[in-house]
Amino acid sequence: MTPEEARLYLQAAFDAMTPVLIAEIQRTLVDLPFVLDSGATRSSIDGIHFEYEWDSFQTVACPLNTATGYCGLGALLELTRSANQSLIATDLEEALLRSTRDSDEDTMREAFSSLATELYLAWFMSGWKLARGIQPSIRGFLSVHDTIWRTDLDTGEKFRVGEGRVKFF
């Protein structure tokens, strides 16, 4: 499998899952399925921080008040049938690695990870934009788990925690 074939396969896999992503984002925006902190109310949620695991792309939605910070516990998005299932088939990465020379394996693994992340970010942002009309007053943000960088899902702006207009902690 070539890198371009991997790109096409990944893009097709994400495209096929777009209806599920949109439905999950809409469900999250409407139901606000969070266990809130003491004193927080559903009306205090004006943002959602989506945070994903870098290797599986499992995504958690965290309730946010953009002026005061997180206001409750996160809720797992049901993008796959199982909470332990990766969004990306592991056999795809293995097929790509089998097509490379042993000396290129680390480079190819890193390239695959970068490609998957690039496509995931574009897919998630597109899904957000298609779903957000159901609750336009709530802002959305996306980041990999345990990083200081956030992406504003409406503008695509990337910013460091603490440097933007939004409080996370």
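The values are calculated or read from the model by the stated rules, or taken from the named source; none is laboratory data. The structure presented is a predicted model; accordingly, all values stated were derived computationally and were not measured. No Cβ is skipped: glycine too gets one built from the backbone with ideal geometry, and neighbour counts run over all protein chains shown.
Kindly indicate whether F50 is on the phi > 0 side of the Ramachandran plot and under 17 Å from the mean Cα position of the chain (by Cα). Answer is no for this residue. Being closer than 27 Å to A23 by Cβ and either surrounded by 16 or more Cβ atoms within 10 Å (Cβ to Cβ) or among the small types (G, A, S) (or both): is that true of I138 here? It is true that I138 is closer than 27 Å to A23 by Cβ and either surrounded by 16 or more Cβ atoms within 10 Å (Cβ to Cβ) or among the small types (G, A, S) (or both). For the stretch 127-169, filtered to residues that are small (G, A, S) and in contact with a Ser or Thr (Cβ under 8 Å, 6 or more places away or on another chain), the residue that is nearest to Q26 (Cα to Cα) is G127. Apart from one condition, E24 fits all of (1) out of contact with any Asp or Glu (no Cβ under 8 Å at 6 or more places or on another chain); (2) in a helix (DSSP H, G or I); the exception is (1). You will find that of F57, F14, the residue that is part of a loop (DSSP other than H, G, I, E, B) and in contact with a helix residue (DSSP H, G or I) (Cβ under 8 Å, 6 or more places away or on another chain) is F57 and no other. Considering (1) over 23 Å from F169 (Cα atoms); (2) modelled with pLDDT of 90 or more; (3) aliphatic (A, V, I, L, M); (4) exposed (fewer than 15 other Cβ atoms within 10 Å of the Cβ), the lone condition that A131 does not fulfil carries the number (4). The condition (being within 19 Å of T28 (Cα to Cα) and modelled with pLDDT of 80 or more) is satisfied by just one residue among L87, L76: L76. Taking the condition among the charged types (D, E, K, R), out of contact with any Gly (no Cβ under 6 Å at 6 or more places or on another chain), surrounded by 12 or more Cβ atoms within 10 Å (Cβ to Cβ) and without any contact (Cβ under 8 Å) to a residue 60 or more places away in the chain, does E118 pass? Criteria met by E118. The requirement of being closer than 16 Å to P63 by Cβ and surrounded by fewer than 11 Cβ atoms within 10 Å (Cβ to Cβ) is fulfilled nowhere in the stretch 142-165; no residue meets it.
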